[in-house]
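Chemist: Have a look at the structure that comes next, please.
The values are calculated or read from the model by the stated rules, or taken from the named source; none is laboratory data. Just so it is clear, the structure is predicted and the values come from calculations on it, not from any experiment. For neighbour counting, all protein chains shown are included, and Cβ atoms are generated from backbone atoms with ideal geometry for every residue, glycine included. For accessibility, only protein heavy atoms count, side chains too; no ligands or nucleic acids. Shrake-Rupley method; radii C 1.70, N 1.55, O 1.52, S 1.80 Å.
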Amino acid sequence: MSWMDKNKSFHPPTGIRLTYIDDGKLIFRPYVYEKILTDKVLKKYGIVPGYTLRAISMEKRPGVPLLRVVTRKKDPAERKNEILSAAAAHYNLCQDTPAVVILAFVGWASLARIIRGLVLSIKNEEYVLSARALGLSDIKIIVKRVLPNTLSFVIIQATLAIPGYILGESALSLPGLGITEPQSSWGLMLSVARNHRVIRDFPWTLIPGFCIFIVIVVWNFFGVCIQKIGLRLSDRLLRLEEDTESEELEAMAQIISEYLGIPLERETI
Amino acid sequence: MKPKNSFLTRISFTGDIALFISLLHVVQWHWFPVIVACETIMWFVRLIWINPSMLNFILRHLFHMIPIVLDVVAIGFFLIYLAPGDIFTQMEMNTDIERESLDQFRKNFGLDKPWYIQFFRYIWNALHGDFGFSQIYKAPVFTLVSQRALNNVLLAAASMLFAWSFSVPAGIIAATHQYKWHDQIISVFAFFGLSIPNFFLAFLMIYLISSTDNWLPVGGMYSVNINEMSSLEKLWDLIKHMIVPFFVIGTSVTASLTRIMRANMLEILGRQYIITARAKGSREKSVIYKHALRNAVNPMITILGFQLGNILDGAALVEALTAWPGLGKLILAALLSQDLYLVVGSLVYSVVLLVIGNLIADILLAVIDPRVRIS
């Protein structure tokens, strides 16, 4: 029993203190971290470099052979280095955001591959050809014509990717490779439960797992909604698929269109 | 096929037996890997007559594998080099071990050289069949990985079989009854299966079992008294131990496959040739199973290839949590104590799996879909 006394965290949560899980650590604090984390991943590391690198490398095909080699060779290797780079980052890179760097390092390639396909098809569109005929510089064509047309897809993809990043972060933190002790994260909190006996005797240590689960469910629903609404920023139009019948979806599209100040339209096939 | 080639193909089956017997006597392996090896060789030989372009395709893919494997090994060495310290750093704290002997250890492992020299030495040794020595397990890496690989593949194959046999019918049912109660139920299950983290499901299972009188064993692969059992009891014991990791991995794969299958099927069912098939009076069964299903399964084959490759990645954490003696635990232990050669060895294993998985998927696609030509 002395072991239990030492670790206050193993007392069951009671009443209003349900939000506390270990030694005054608020259970909802990690959510803020995870949100910042995913935002960081998506905005700074994951999307932007993958996006621009790939667009540039495909637009100027012979010009950037090195980039093409790098991105191409990456495909099979990309997933393989997740755990490995986790270790490297854990030991070496800045202690604050190792998980962010790892997830970005692993995650950029898949998006880059999709963007590659999109850019490949867009660059043969008539408006790109006309821009080229008018003598616009390559940079201008990329920034003004090609990138805006991939934007709606990237937004949808980003929303769908967020639960994956949250999952990845907690899966890394669980064996102690991602976020470490001074910071806090649901995956890290859950790592207490790695012992069978702890799970049996102190089942409330599993609460962070339920939190991860709920957040992922919510983000998944949101991603599916965004996908169905079909955001098209390039046209300055918000389109709702014809066969969507749900009223909630329509209400959501309304809210988004009001928020962004762009008109809503039903797509006719 | 020309008559002469057909004759050669038939005669070559005798070569199988001869090769099997001679290999069994020369290398003296277990009979199972010998059969696998000699069948692979003989089918390659037969492909010369049956389908030369296919052989060309396979050889080219295998040739492309070389730079990818080298790439991954180089990245592995570089990343381990980035991390400060090495496997002997822990020993430095121990006052019983002298500095000089530590330096000697490092020298024996080649750790005093820069990482690219280590890389080339590793490649040179690997070409001679020596994949290095694991310091934490005190055994050659090749033996360690090949022992664990079988368990890993067993678990992954079982859960994949389950996932595929369950998700394809579920996807068809959901798509043909869109927005009805069948579809709602399947979609909800798929959604939750996709959203629940694998490790959390493992925790829940363990809690469920350990709080209800331990009706299933948790962790490990066999019971302690395995040597006293008959072979049938051994099998039953194995199955009982496999249920938890199998269920955890199987559900998540099933969920994602069901969703993909449903989406594919819906897309195909909206095509014009389905309307044509219905209009000309085909029965609903033949419309769905002959016209729609065959087209909807195509993209799934590509996914199969990726899944074969991700056997290791997908199962690693679950294996570690449920104490299944697969590669997952091995890799985690190797990473945390920076056991260089073990890490790189398991990386090579997983990359080879990935490339071969993709190759199998390409071949299957060519076999199933007549529009796809291997060139």
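Chemist: Hey, with R₀ at 45 Å, roughly what FRET efficiency would B:Thr40 and B:Glu233 work out to, going by the Cβ-Cβ distance, to 0.05?
Modeler: Given R0 = 45 Å and the Cβ-Cβ separation, E is 0.85.
Chemist: Still on this structure, I have one more. Rolling a 1.4 angstrom probe over the protein heavy atoms, how many square angstrom per residue are accessible across chain B?
Modeler: Per-residue value: 54 Å².
Chemist: State whether chain B is rounded, prolate or oblate according to the following rule on the C-alpha gyration tensor (a ≥ b ≥ c being the square roots of its eigenvalues): a/c under 1.5 gives rounded; otherwise a/b larger than b/c gives prolate, and the remaining case gives oblate.
Modeler: Since a/c reaches 1.5 but b/c is at least a/b, the shape of chain B is classed as oblate.
Chemist: Still on this structure: GluC sites (Glu not before Pro), restricted to the stretch B:72-164: which are DSSP loop and have at most 10 other Cβ atoms within 10 Å? Mind showing how you got there, number by number?
Modeler: Values: sites: B:Glu92, B:Glu98, B:Glu100; in loops: B:Glu98.
Taking the stretch B:72-164 and a limit of 10 other Cβ atoms within 10 Å, the loop GluC sites (Glu not before Pro) found are B:Glu98.
Chemist: Next question, about the same structure. Per-residue Cβ counts within 10 Å, from other chains only, averaged over B:189-197: what number is that?
Modeler: What the average comes to for B:189-197 is 5.
Chemist: Once you put a point 7 Å from the Cα of B:Tyr289 and another 7 Å from the Cα of B:Gln104, both along the Cβ direction, what distance in nm separates them?
Modeler: 7.2
Chemist: May I ask you to compute the full-extension gain from B:Thr276 to B:Val188, defined as 0.36 nm times their residue separation minus their alpha-carbon distance, rounded to one decimal in nm? Present the calculation step by step, with values, prior to reporting the outcome.
Modeler: On the way: separation 88, 0.36 × 88 = 31.68 nm, distance 3.24 nm.
Full extension from B:Thr276 to B:Val188 adds 28.4 nm.
Chemist: On the protein heavy atoms, probe 1.4 angstrom, tell me the percent of accessible surface of the stretch B:1-50 carried by carbon and sulfur.
Modeler: Solvent-exposed carbon and sulfur of the stretch B:1-50 make up 76 percent of the total.
Chemist: Which of the pairs B:Lys180/B:Lys285; B:Lys240/B:Lys285; A:Lys144/A:Lys228; B:Lys234/B:Lys329; A:Lys228/B:Lys280; A:Lys123/A:Lys228 have their Cα atoms more than 29 Å apart in this structure?
Modeler: B:Lys240/B:Lys285; A:Lys228/B:Lys280
Chemist: Please work out how much length the chain gains when fully extended from B:Asn125 to B:Ala158, using 0.36 nm per residue of separation minus the C-alpha to C-alpha distance, in nm with one decimal. Write down the numbers at each step before the final one.
Modeler: Details: separation 33, 0.36 × 33 = 11.88 nm, distance 3.46 nm.
The B:Asn125-B:Ala158 span can extend by a further 8.4 nm.
Chemist: For the interface of B with A, what's the total buried accessible surface in square angstrom, probe 1.4 angstrom, rounded to the nearest hundred?
Modeler: About 3800 Å² of accessible surface is lost on pairing.
Chemist: Could you compute the longest span of chain B free of chymotrypsin sites (Phe, Trp or Tyr not before Pro) located in DSSP loops and having at most 16 other Cβ atoms within 10 Å, not counting the site residues?
Modeler: Longest run free of exposed loop sites: B:223-375.
Chemist: Working out 0.36 nm times the residue gap between B:Leu364 and B:His61, then minus their Cα-Cα distance, what length gain in nm do you get to one decimal?
Modeler: Difference between extended and current length: 107.6 nm.
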